[in-house]
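Everything below concerns the one structure shown next.
The values are calculated or read from the model by the stated rules, or taken from the named source; none is laboratory data. Bear in mind that the values here come from a model prediction, so they are computed numbers and not experimental data. Here the Cβ positions follow ideal geometry from the backbone for every residue, glycine too, while neighbour counts run over all protein chains shown. Ligands, DNA and RNA are excluded from the accessible area calculation, which covers all protein heavy atoms including side chains. Shrake-Rupley method; radii C 1.70, N 1.55, O 1.52, S 1.80 Å.
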Amino acid sequence: MKTAVIGCGGISRVHMQALSELDLSEPVAFVDIKPERAEKMATEHGGRAYTDYKEMLDREHPDIVHICTPHYLHVPMARECVARGINVLMEKPPAMTHKELDDFLAMPKNVQVGVCFQNRYNRNVQLVRKKLLSGEAGAVLGARAFVTWKRGEKYYTESGWRGTWETEGGGVLINQSIHTLDLLIYLLGQPKAVEGSVHNHHLKETIEVEDTAEAYIQFDGCTALFYATTANCTDSPVMIDIVCENMTFRLEGAQLTCIKDGKSEEIHFDEIEHEGKACYGEGHRALITDFYHCVKDGQPFPIDYAEASHTLNLMLGIYESDKTGAPVSL
């Protein structure tokens, strides 16, 4: 299948590492508003370089497009691809507002649109989900999740788009911790309501979006406490605790600890080398491989746009609750 990548920043290299190991992909084009970045990728992987993505779509007619651009470009670019009958795999977020989400969901789709919530494919997450679904762990009683990372002033000022509501769509919620919200949904089910707040603690003169968020999330039969910040002194591993009737799970980074009958078992996984930051997790390769096989075989990709919309609605519910000071039904 002919592959094109729009946006040749750091995350695109994670995608290309996965594609280089996948014989279903033939790279034909790379697009970036900085021509030297697109040309570098084209030189390394083959294909042609473009600065105009619409020109590329019309000339190359790719089968699959990877959207690795800033947040505000995701939906407009995906709409152009879908209108041309091209399959799309986009980085998070799937949208920045309810209107963007609803408008895109309303489009007729005879192609696959997948969203990179790659942490669902992490091996520790897969094992916990298996134990939850099997009934071995018993009913979930509650959960808590912590994202405590560091993002300094240069991260925003040198990007050209981060730190504003118009182009990033938010801060730590929509950019960093949306993956953790997604894992709560993947493991606990659909949320019923959320009450939360957002704050800007350490970069008030640099960004207009939040660097910290907290929420109380109600699921069917249990609740989850959520805290996320980019005002930490370092990038600490994401931690999720899930307390069940028969056992407790702690996911911390790539590790998993199971506690049962007062005994703790640490489950270790062989390290998988991957491009990009450690916080990206190990799941991109498995997710991208799965997406290509789904397109090839005509099978629905599990993290399609409708599935990803549940995570976006939870995230937008936290922003709405912060504005109104009241819980938001989901």
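Before moving on, here are some points about what is shown:
- Sparsely packed chymotrypsin sites (Phe, Trp or Tyr not before Pro) within segment 189-278, loop by DSSP, other Cβ within 10 Å at most 15: Phe269
- The base-10 log of I(q)/I(0) for segment 138-254, evaluated at q = 0.09, 0.14, 0.17, 0.23 Å⁻¹, reads -0.26, -0.60, -0.82, -1.26 [Debye formula, identical scatterers on Cα atoms, solvent excluded].
- When the solvent-accessible area of segment 205-273 is split by element, carbon and sulfur atoms take up 44 percent of it, the probe being 1.4 Å.
- Here the Karplus relation 6.51 cos²θ - 1.76 cosθ + 1.60, evaluated at θ = phi - 60°, turns the backbone of segment 136-151 into coupling constants of 4, 7, x, 5, 6, 9, x, 8, 9, 9, 10, 10, 10, 10, 10, 9 Hz, with x for every Gly and Pro.
- When peptides 134-145, 175-186 are sorted by average Cβ neighbour count within 10 Å, with the highest value leading, the order is 175-186, 134-145.
- Apportionment of accessible area to carbon and sulfur, segment 1-136, percent (1.4 Å): 50
- Listed residue pairs exceeding 26 Å between alpha carbons, taken from Lys54/Lys323; Lys109/Lys192; Lys54/Lys99: Lys54/Lys323; Lys109/Lys192
- Amide H contacts for Lys92 (H built 1.01 Å from N in the peptide plane; partners 5 or more residues away or on another chain; cut-off under 5 Å): Cys116.
- With contacts taken as Cα pairs under 8 Å and at least 6 residues apart, segment 175-307 reaches a relative contact order of 11 percent.
- Annotation: amide H of Asp304 has no partner in the under-5 Å range at sequence separation 5 or more or interchain, hydrogens built in the peptide plane.
- Once Rg and the Kirkwood radius are both taken over the C-alpha atoms of the chain, their ratio Rg/Rh works out to 0.96.
- The three principal axes of the Cα atoms in segment 49-184 give end-to-end lengths of 54, 41, 29 Å, sorted in falling order.
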